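Take a look at the structure set out below.
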Amino acid sequence: MDVASTNISPYTQESQFEQAINTDISDLWKTREEGYLRTFDKRKLFWCKLTHPSHSKAIVVVNGRIESAWKYQELFYDLFSQGYDVYSYDHRGQGLSDRLIDDPQMGYVEEFDDYIKDLDNVIKHFSLGQYDQRYLLAHSMGGTIATRYLQTQYHDDANAQFNAVALSAPMFGVNMPSYLRPIALPYAQLITGLKGQPVYAPGHKEYYPKPFDVNPLSQSHIRYHWFRDLYETMPQLKLGGPTTRWVWQGLMACKQSLQQTRQISIPMLIMQAGEESIVSNPHQDRLFSKLSRTNKAAEMLVIQGSKHELLFEQDEYRNQAMNGIVDFFKAHQ
């Protein structure tokens, strides 16, 4: 059957979400393999994978800040149904991976490069050499990590030779008033140095689920409430706002991402949310403009009307994002 001609989406839809998340998606999720691996500094990183012997292509999913692989069960199901084996993990300091400081609610990282080393370690651990095709899919902060990985750690060898990478609302800058942009980085550095111990960045606090009507992430009522309910069921996943050190390190990584676009040689898709309020769309535009001068396989897809979480949005927007990812990967086999 020609899916396009019947106007039926091959991805989970909101009208069937509640049933699917409790049956087909849940059944697949129960078949996952999972475990922990040790990092260079003896931390434990949670990882999981969904595989099938008939699959010859793989996707490594790199999630965003405060997220966990547990949150992406619907995405994993949709990708798996398209014939991909799916691999993912939780970043240090969040999800089911080791927290880094005494207060588990604080978003903290010592050096942003630690995230990049972790991704390199995870990819080597997964040992993807048996696949005909390998792809990276990253969201928000994960987009920064994937970009910096490609710029600094990526080795075009048989084990981890990626065909393409897709970034969902990548963090190449943080959305903030223009008057704060020149001072945000030095201010975060200054406060981090003065305090001597981790503190929340101004305006941030412990985990707080914003009411749906004012949330900046998604317009999908059912998907938003499902992931918030998940965090209540598994409170160990909860993470609050970033510390000043995380802001300092994150902004530095954004700056480096923009500076080293020439180091990215594989096809890259940047997906931008039209109604973005978390990360900076102008910084995405700037990076794409630079990247496209040296990487002719770079593309940008703007999804008008979507909020930040393209992969958790209403069907109208999520379907565009999913089609963009799958079509881009098919074009780069």
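The values are calculated or read from the model by the stated rules, or taken from the named source; none is laboratory data. Computed from a prediction, not measured in an experiment: that's the story for all the values here. Note that each Cβ is placed from the backbone with ideal geometry, even for glycine, and that neighbours are counted across all protein chains shown. Note: accessible area is taken over every heavy atom of the protein model, side chains too, but ligands, DNA and RNA are not part of it. Shrake-Rupley method; radii C 1.70, N 1.55, O 1.52, S 1.80 Å.
Tell me whether the stretch 223-237 contains one or more residues that are in a helix (DSSP H, G or I), in contact with a Gly (Cβ under 7 Å, 6 or more places away or on another chain) and not charged (D, E, K, R).
Residues of the stretch 223-237 that are in a helix (DSSP H, G or I), as a first pass: 223-233, 235-237.
After this cut, where a residue has to be in contact with a Gly (Cβ under 7 Å, 6 or more places away or on another chain) as well, the list is 237.
With the extra rule that they be not charged (D, E, K, R), the set shrinks to 237.
Among the residues of the stretch 223-237, at least one is in a helix (DSSP H, G or I), in contact with a Gly (Cβ under 7 Å, 6 or more places away or on another chain) and not charged (D, E, K, R), which makes the answer yes.
Across the stretch 94-128, which residue is surrounded by the fewest Cβ atoms within 10 Å (Cβ to Cβ) among those that are farther than 28 Å from HIS52 by Cα and in contact with a strand residue (DSSP E or B) (Cβ under 6 Å, 6 or more places away or on another chain)? My answer is ASP98. No other residue among TYR131, TYR179 is open to solvent by 10 Å² or more (accessible area, probe 1.4 Å), under 17 Å from VAL247 (Cβ atoms) and among the aromatic types (Phe, Trp, Tyr) apart from TYR179. A single member of LYS255, LYS205, LYS195 is open to solvent by 60 Å² or more (accessible area, probe 1.4 Å), charged (D, E, K, R) and within 24 Å of LEU136 (Cα to Cα), and it is LYS255. Of all residues in the stretch 294-327, those that are in a helix (DSSP H, G or I) and free of Cβ contacts under 8 Å to residues at least 12 places away in the same chain total 3. Look at (1) in contact with a helix residue (DSSP H, G or I) (Cβ under 7 Å, 6 or more places away or on another chain); (2) open to solvent by 30 Å² or more (accessible area, probe 1.4 Å) and you find that GLY250 fails only one, number (2).
So that you can scan it fast, the table gives a plain yes or no per residue for (1) over 24 Å from the mean Cα position of the chain (by Cα); (2) at pLDDT 95 or above; (3) open to solvent by 20 Å² or more (accessible area, probe 1.4 Å); (4) on the phi < 0 side of the Ramachandran plot:
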site: SER5; (1), (2), (3), (4): yes, no, yes, yes
site: GLN16; (1), (2), (3), (4): yes, yes, yes, yes
site: ILE21; (1), (2), (3), (4): no, yes, no, yes
site: ASP24; (1), (2), (3), (4): no, yes, yes, yes
